[in-house]
Amino acid sequence: MGRAAWPLKIGPLVLHSSPFRVGVAEGRNYDEILKQYVNPKRGDRRWFSARLDLAAYEGHQVKLIFSTDPGPESKGTLENDLAVWGEPHLYSKR
């Protein structure tokens, strides 16, 4: 039986905004096709949907990159930052 443990500091919940990004990488090129800030302080406490047109990459082998970063008010700390993606779907018009 295995076990993992690490120190954990539990402090007051301070919610920060987080930018959600989607990019397309092809070789050394990267195009950011979505950048959306989600800020729980202004009521962004729900799932958001986005539709992105990938037609420009038809026939190309690319990587879709989903990322989040700490928001600007995080000031270098990652405490209480939590940003997650939920069930991304890809659809084709064909």
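Where a number appears in this text, it was derived from the coordinates with a stated rule and is not lab data. In this text the structure is predicted, and so the values were computed from the model without any measurement. Every residue, glycine among them, receives a Cβ derived from its backbone with ideal geometry; neighbour counts consider all protein chains shown.
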(Q) Suppose a student asked you for the relative contact order of the chain, using Cα pairs under 8 Å spaced at least 6 residues apart; what percent would you report? (A) 34
Q: Would you kindly state how much longer the chain becomes between Tyr57 and Arg42 on full extension, computed as 0.36 nm times their sequence separation minus their alpha carbon distance, in nm to one decimal?
A: 1.9 nm
(Q) Compute a Gaussian network model of the chain, connecting alpha carbons closer than 10 Å, and tell me which residue from Phe20, Phe66, Phe48 fluctuates the most. (A) Phe48
(Q) Mean-square fluctuation check for the chain, GNM, Cα pairs under 10 Å: which of Val62, Val38, Val22 is largest? (A) Val62
Q) For Lys9 and Ile33, FRET efficiency with R0 = 35 Å and r from the beta-carbon atoms, rounded to 0.05? A) 0.45
Q: Would you please calculate the Kirkwood hydrodynamic radius of segment 18-71 over all C-alpha pairs and express it in Å, rounded to one decimal?
A: 12.6
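Taking other Cβ within 10 Å of each residue's Cβ, how do Leu64, Leu90 sort, fewest first? Kindly include the intermediate steps, with their values, before the conclusion.
Values: Leu64 14, Leu90 7.
Going from least to most buried by this count: Leu90, Leu64.
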Q. Which one of Ala50, Ala83, Ala25 has the biggest mean-square fluctuation once the chain is modelled by GNM with Cα springs under 10 Å?
A. Ala50
Q | Positive-end residue, segment 18-71 charge dipole about Cα centroid, Cβ charges, pick of Gly59, Gly27, Gly43 | A | Gly43
Q | Matching label, semi-axes √(5λ) of the Cα gyration tensor in Å computed from the structure shown, candidates (i) 31, 18, 14; (ii) 21, 17, 13; (iii) 19, 15, 13 | A | (i)
Q: Could you size up the charge dipole of the chain around its Cα centre, putting +1 on the beta carbon of Lys and Arg and -1 on that of Asp and Glu, and report it in debye to the nearest 20?
A: 240
Q: Take every DSSP beta bridge with both residues inside the chain and express the antiparallel ones as a percent of the total, to the nearest 5.
A: 100
**Q.** Residues Glu87, Glu26, sorted so that the one with the fewest Cβ neighbours within 10 Å comes first
**A.** Glu87, Glu26
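List Leu82, Leu8 from most exposed to least, where exposure is judged by having the fewest other Cβ atoms within 10 Å.
Listing Leu82, Leu8 from fewest to most nearby Cβ atoms yields Leu8, Leu82.
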Q: Please report, in debye to the nearest 20, how large the charge dipole of segment 18-71 is about its Cα centre when each Lys and Arg carries +1 at its beta carbon and each Asp and Glu carries -1 there.
A: 400
